[in-house]
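Comments concern the structure below.
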Amino acid sequence: MRHLIAILLQNEAGALTRVTGLISSRGYNIESLSVAPTNDPSISRITLVTTGSDAVIAQINSQLQKLVDVVTVEDMTTGDHLARELALLKLQVAADQQDAAAQVVHRSGGKVLSTEPAWIVEIAGTEDMIAEVIATLSAFGEIVEVVRGGVLGISRTGRRAPTAR
Amino acid sequence: MGSAPHPRAGEMMTGAEMIVQVLVDEGVDTVFGYSGGAILPLYDAVFCHNEATAGSMPLIVPANEQGAAFMAAGYARASGRVGVALVTSGPGATNTVTPVRDSMADSVPIVVICGQVPTSAIGTDAFQEAPVPSIMGAVAKHVFLVTDPTRLEATVRTAFEIARTGRPGPVVLDIPKDVQNWRGAFNGSGHLPIPGYRQRLNRVGANKLSESACAALLAALERAERPLIYAGGGVINGGAAEALRDLVHALRIPVVTTLMGIGAIDTSDEMAMRMLGMHGAAFANYAVEDCDLLLAIGARFDDRVAGNPAKFAVNAKFIAQFDIDVSEVNKVKHVHWSHLGSLPEALTALREGARRAGFRRDWSAWHRHCDHLRRTYAMNYDRASTRIQPHYLLEEINRLTRGEAIISTGVGQHQMWAAQYFDFRSPRLWLTSGSMGTMGFGLPAAIGAQFAMRDRVVIDVDGDASIRMNIGELETVTTYGLPVKVVVINNCGDGMVKQWQKLFFKGRLSASDKSLHKKDFVKAAMADGFEFSVRLESKADVPRVVEEFIRFPGPAFLEVVVDPDAGVYPMVGPGQSYDEMITGEFIASRKSVEVVPPGESEMF
């Protein structure tokens with residue numbers, strides 16, 4: 001099963017390498033990864049998407065918790081959560097398709113950030129929705145580049161992220 | 001830690017002097033290391049400290065940095081205290097990668113302090129520069145690169161804290177030369193914030209065995225006819241050997257131990273069933289096959305024990321596990337009951353819970369069965385042989401040392417024979433590279449152990465191939481006048497590799513035979529200053545020469561030319577179940593088993 005794991009990590013030299021190194025050296029795969037500081041500048045948050053059996057995911061979670069820099073590990077997938085992704089698209093839109101393309105972007109809640117020399121579009125949403133918008137837009141012109149930021153997750157509970165088990 | 005300020009608080013010092021002061025505060029009485037450009041400030045600070053304190057922190061110099069870190073590991077394994085190695089940048093640091101990984105795999109607390117090129121030169125491919133944080137990050141429990149000198153002393157203290165707490169392990173400090181030369185005010189206290197680590201540690205430490213969990217386990221024991229304890233290295237690392245013994249005596253449950261768990265219970269205890277696993281005693285492995293309840297304590301079902309996890313302890317209806325590391329529970333084998341927490345407390349709580357509940361269970365039929373297994377499937381070898389059998393040699397040494405000596409080993413056949421034939425009355429006497437299986441471990445580990453335990457007889461039981469890996473350390477033994485005993489069991493090559501090649505590769509001895517090698521070990525040891533350096537080739541001389549060797553007051557070296565065809569039995573092939581155990585010609589077997597090469601993917 002696909003799991004979305006959120007890791008709070010101390011902002012120390014080499015900390016990110018230790019997380020990714022652990023995952024690769026134990027033979028687990030990373031589908032997407034996003035990292036940025038939190039409102040506490042000494043702590044970064046990693047959102048990691050990986051796939052594996054329950055046993056593999058349990059191992060990933062417990063091995064991550066053995067890293068000294070790791071503050072908490074939260075498997076989002078086990079609780080009620082929201083997952084969102086940001087994508088930037090670059091496309092060449094035929095002159096007679098520009099209105100239709102703009103409508104697709106607006107309906108999806110996205111923005112056209114620039115139109116010259118190429119269209120640059122910003123879309124935020126679920127992974128499926130982003131994939132769908134990309135597919136729809138490809139009918140109006142040529143997709144030149146797709147930049148996806150990786151999935152971010154947040155739990156719906158009113159509390160802060162629970163501490164690691 | 002008291003609240004009184006440090007006597008040197010506020011004093012201006014160099015970073016190197018601060019490191020030395022923190023080592024003193026952490027109780028370090030010996031350090032091991034090899035000098036070089038990037039660690040010179042620290043070496044100078046150690047020199048000055050020793051000059052001022054009548055040599056209170058000897059710095060022991062090996063032939064190679066791998067030796068230094070294995071000495072630190074041997075010191076730690078024998079004493080339970082943190083071992084310390086100080087090495088220079090680049091090659092000095094990379095030479096310690098093997099002992100750092102070895103210590104991680106066997107949960108041994110060491111701190112390795114590496115010099116690093118100056119902060120301004122990091123990343124420029126400077127002379128003797130290596131990316132130590134990246135390299136060590138993959139193998140150590142933790143690594144710190146110190147770039148902010150104001151955090152140096154707190155970092156060094158925190159390194160010791162991380163090394164010794166929880167599941168112990170190696171911590172590497174990478175300290176640029178300019179940070180060692182920096183001058184600042186010594187604070188005398190303070191650690192780095194490592195909130196996640198401490199929180200998890202406190203939670204596991206506070207996790208007491210609940211009454212309901214205790215009752216559930218006692219209920220399972222009540223139902224069991226044939227309970228067996230499977231004790232691992234965690235019992236020793238967790239300081240739980242006494243608690244285990246008391247529990248075993250109170251409940252009268254037989255105990256098998258892993259390679260790392262040897263000494264967790266006195267091997268001569270009436271409940272001790274010796275070592276299980278790939279080269280475990282046949283009776284130990286049969287007990288595992290026959291038990292209906294298995295209690296894993298500080299053991300992790302590794303592939304040398306549970307080569308085939310699905311068929312391991314196949315008749316156990318209930319498996320319970322005590323550990324301190326959450327990732328070891330349900331990693332290999334599903335367990336029915338587990339407790340995560342400090343072992344001494346948990347084992348004591350179980351014993352107390354049993355006492356309060358008036359738990360009384362008569363397992364005398366199972367005890368008789370275990371006695372029968374021990375007698376019928378006892379360890380044995382070719383006693384009538386005219387050649388020296390390695391087992392015979394070890395029995396003769398054991399007759400004199402009586403389970404009280406510290407025994408270190410290399411890796412291979414001699415290691416397994418030593419595990420099988422020596423007695424160990426207490427923990428921390430058996431020093432072996434269990435998980436990593438590092439050849440060359442034995443000699444430096446023995447040196448480190450002798451520094452930690454000055455009054456113990458320390459014997460490196462080595463192989464002719466293993467000792468070659470760190471043979472430079474023979475000189476270290478005599479340089480420091482250590483009474484370490486080095487016995488090389490010479491079977492002309494990589495005996496264990498040859499055994500596998502005979503069993504699984506139709507006897508093609510690819511690169512494992514050394515019978516044409518010219519090395520004269522006795523002369524080599526003499527050249528390194530061993531006054532006792534003897535070759536033993538005749539079986540009749542074994543008792544006399546072994547006695548002279550063990551009784552020799554100083555460094556002693558003994559090469560024993562043994563039967564090169566002696567095998568290690570029993571053997572459970574890689575990936576195989578205990579049902580497929582072969583016992584060789586001299587140990588009885590419950591059934592005749594054909595040697596079947598394991599699946600190719602299992603061949604490690």
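The values are calculated or read from the model by the stated rules, or taken from the named source; none is laboratory data. It should be emphasised that the depicted structure is a prediction, and the values quoted were computed from it without experimental measurement. When we count neighbours, we look across all protein chains shown, and the Cβ atoms used for this are built from the backbone with ideal geometry, even at glycine.
Key figures
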quantity: Filtered residues of the stretch A:4-21 (kept if small (G, A, S) and facing another protein chain (nearest Cβ under 8 Å)); calculated: A:A13, A:G14, A:G21
quantity: Number of the condition not met by B:G190 [criteria: (1) more than 14 Å from chain A (Cβ to nearest Cβ); (2) in a helix (DSSP H, G or I)]; calculated: (2)
quantity: Meets criteria (within 30 Å of B:A354 (Cβ to Cβ), surrounded by fewer than 23 Cβ atoms within 10 Å (Cβ to Cβ) and not aliphatic (A, V, I, L, M)) for B:E211; calculated: yes
quantity: Test: residue in the stretch B:460-482 that is basic (K, R), at pLDDT 95 or above and in contact with a helix residue (DSSP H, G or I) (Cβ under 8 Å, 6 or more places away or on another chain); calculated: no
quantity: Among (1) on the phi < 0 side of the Ramachandran plot; (2) touching a strand residue (DSSP E or B) at 6+ places or on another chain (Cβ under 7 Å) - the single one B:E222 does not satisfy; calculated: (2)
quantity: Among (1) buried (at least 24 other Cβ atoms within 10 Å of the Cβ); (2) touching a residue at least 60 places away in the same chain (Cβ under 8 Å) - the single one B:R226 does not satisfy; calculated: (1)
quantity: Some residue of the stretch A:27-41 being at negative phi and in contact with a His (Cβ under 8 Å, 6 or more places away or on another chain); calculated: no
quantity: Among (1) at pLDDT 95 or above; (2) among the aromatic types (F, W, Y); (3) outside the structural domain of B:C492 (by TED's automatic domain parsing); (4) surrounded by fewer than 18 Cβ atoms within 10 Å (Cβ to Cβ) - the single one B:Y569 does not satisfy; calculated: (4)
quantity: Within the stretch A:46-165, helices (runs of 4 or more DSSP H) holding 1 or more residues that are touching a Lys or Arg at 6+ places or on another chain (Cβ under 7 Å) and assigned by TED's automatic domain parsing to the domain that holds A:S25; calculated: A:54-64
quantity: Answer from B:S56, B:S120, B:S134 - the residue that is in contact with a helix residue (DSSP H, G or I) (Cβ under 9 Å, 6 or more places away or on another chain), assigned to a loop (DSSP other than H, G, I, E, B) and surrounded by fewer than 18 Cβ atoms within 10 Å (Cβ to Cβ); calculated: B:S56
quantity: Any pair with Cβ under 8 angstrom, 6 or more apart, that starts in the stretch B:531-543 at a residue that is in the same structural domain as B:V488 (by TED's automatic domain parsing) and within 11 Å of B:L393 (Cβ to Cβ) and ends at one that is of a type in the set (G, A, S) and modelled with pLDDT of 95 or more; calculated: B:K539/B:S385
quantity: Residue within the stretch A:71-93 that is closer than 17 Å to A:A15 by Cβ, within 14 Å of chain B (Cβ to nearest Cβ) and surrounded by fewer than 18 Cβ atoms within 10 Å (Cβ to Cβ) present; calculated: no
quantity: Residues that are at the interface with chain A (Cβ under 10 Å from one of its Cβ atoms) and either over 23 Å from A:G21 (Cβ atoms) or within 22 Å of the chain's Cα centre (by Cα) (or both), drawn from the stretch B:162-182; calculated: B:I162, B:G166, B:R167, B:G169, B:V171
quantity: Residue within the stretch B:531-541 that is assigned to a loop (DSSP other than H, G, I, E, B), touching a His at 6+ places or on another chain (Cβ under 9 Å), on the phi < 0 side of the Ramachandran plot and at pLDDT 95 or above present; calculated: no
quantity: Residue within the stretch A:23-36 that is of a type in the set (V, I, T), crowded, with 19+ Cβ neighbours inside 10 Å and in a strand (DSSP E or B) present; calculated: no
quantity: Residue count for the stretch B:520-546, restricted to those that are of a type in the set (K, R), exposed (fewer than 14 other Cβ atoms within 10 Å of the Cβ) and farther than 15 Å from B:A556 by Cβ; calculated: 1
quantity: Filter pass, A:T47 being under 18 Å from A:L152 (Cα atoms), modelled with pLDDT of 90 or more and within 14 Å of chain B (Cβ to nearest Cβ); calculated: no
quantity: Elements of type helices (runs of 4 or more DSSP H) contained in the stretch B:303-412, each with 3 or more residues being within 14 Å of chain A (Cβ to nearest Cβ) and surrounded by fewer than 22 Cβ atoms within 10 Å (Cβ to Cβ); calculated: none
